[in-house]
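Here it is, the structure, as structure tokens.
We did not get these values from a lab; they are worked out from the coordinates using the rules stated. Not measured: the values here are computed from a predicted model. Cβ atoms come from the backbone with ideal geometry, glycine included; neighbour counts cover every protein chain shown.
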Amino acid sequence: MKKLLALSIALACAGVNAQETKVAIGISGWTGFAPLTLAKEAGIFKKNGLDVTIKKIPQKDRHLAIASGDIQCAATTVETWVVWNSAGVATTQIFQLDKSYGADGMVVKPGINKISDLKGKTVGASAPGTSPYFALAWMLKKNGMSIKDVKVTTMEPQPAANAIIAGVADLDAGMTYEPYLSAVRAKPEAGKIIATTLDYPMVMDTFGCAPKFLSENGKAAKALADSYFEAVEMIKKDPAKSYEIMGADVKQTGEAFGKSAAFLRWQDKAANQKFFAGEHAAFTREAADLLLEAGVIKSIPDLSKLADTSFIK
């Protein structure tokens, strides 16, 4: 009898698991993506019929993981989808994750007081096609300069912040984001922040997937969006527990994570609907023009195909 009972339970569990849609998501340790981790760790994805695997993949490689089928979906900045589609990796955004309110920025060594001081200087930034590189191009353009006016050395956000703190001689500035930006804030004697997304509001993150996945898994795509919104609600209702879970993923205490999170705004369903009603298209067009001007892309893809808002209704 016990064996039969055990077998029945096993078969029942197998049936439940069979109903869960498997999906692999590519992200980084960026604070704005953390509700996706919360949705997984708090069982929200599972509750909504999803078997989610989250993989930490550098932004410069995330589209390659989608192209290979290693992941089906990813989180990244709005302009990055332009780059990926221009490069032939078809991807479609389905909901907005966050907006940066000072969570991304430029850090500099002592003696540099404004962006124009960087002419001819060396700046550490992620590779072309990434958010930090785009942020650098955007900030330079808004100050009458371009990428050609500085020397860019490829450096990821965490090493860039660490290099400024350490006073690396041949690096004058770096592009970084939370939680690494706060490390520079804590060491004002080593370096300082001269520009953030409070000054230049241009970092907005969205979640998207391969069109094939979306066409074959419409219910799962809706569940991904709903799960994200549930995670955002959980943060509002129980911030302490949520910060602890999300902070653990990036080796931060809940308190430290909460301080990093203060520099961004996660976007709920209402905010999503408002964003995709007009702001998304307008920003995408301006971003695409800058990417083309900076030589990051060779041509602008069909921007009308970069988002599907049916999953946030």
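Counting other beta carbons within 10 Å of each residue's own, what order do His280, His63 fall into, fewest first?
Taking fewest neighbouring Cβ atoms as first place, the list is His280, His63.
Run down the lysines and flag those whose C-alpha is under 17 Å from the C-alpha of Lys241, throwing out any fewer than 8 positions away in its chain.
Partners found: Lys40, Lys251, Lys259.
What pairs from Lys99/Lys269; Lys55/Lys109; Lys99/Lys236; Lys109/Lys187; Lys55/Lys187; Lys22/Lys269 go past 22 Å between their alpha carbons?
Over 22 Å Cα-Cα: Lys55/Lys109; Lys55/Lys187; Lys22/Lys269.
Expressed as a rounded percentage, what relative contact order does the stretch 59-173 have, with Cα pairs under 8 Å and six or more residues apart?
29 percent
Also: What value, in deg cm²/dmol to 500, does the helix sum -39500 (n - 2.57) over DSSP H runs of n ≥ 4 give at 222 nm once divided by the residues of the chain?
Computed ellipticity for the chain at 222 nm equals -13500 deg cm²/dmol.
Return the Cα extents of the chain along principal axes one, two and three, sorted largest first, each rounded to a whole Å.
Reported extents, whole Å, longest axis first: 78, 43, 33.
Still on this structure: Starting from the Kirkwood Rh over alpha-carbon pairs, what translational D in µm² s⁻¹ does the stretch 178-286 have by Stokes-Einstein at 25 °C and 0.890 mPa s?
Approximately 148 µm²/s, per Stokes-Einstein.
Right, here's the next one. Above 22 angstrom, tally the Cα pairs of the stretch 104-196 and express them as a % of all pairs, no decimals.
When all Cα pairs of the stretch 104-196 are counted, 13 percent exceed 22 Å.
Next question, about the same structure. What is the fewest-to-most order of Glu79, Glu233 by other Cβ atoms lying within 10 Å of their Cβ?
Taking fewest neighbouring Cβ atoms as first place, the list is Glu233, Glu79.
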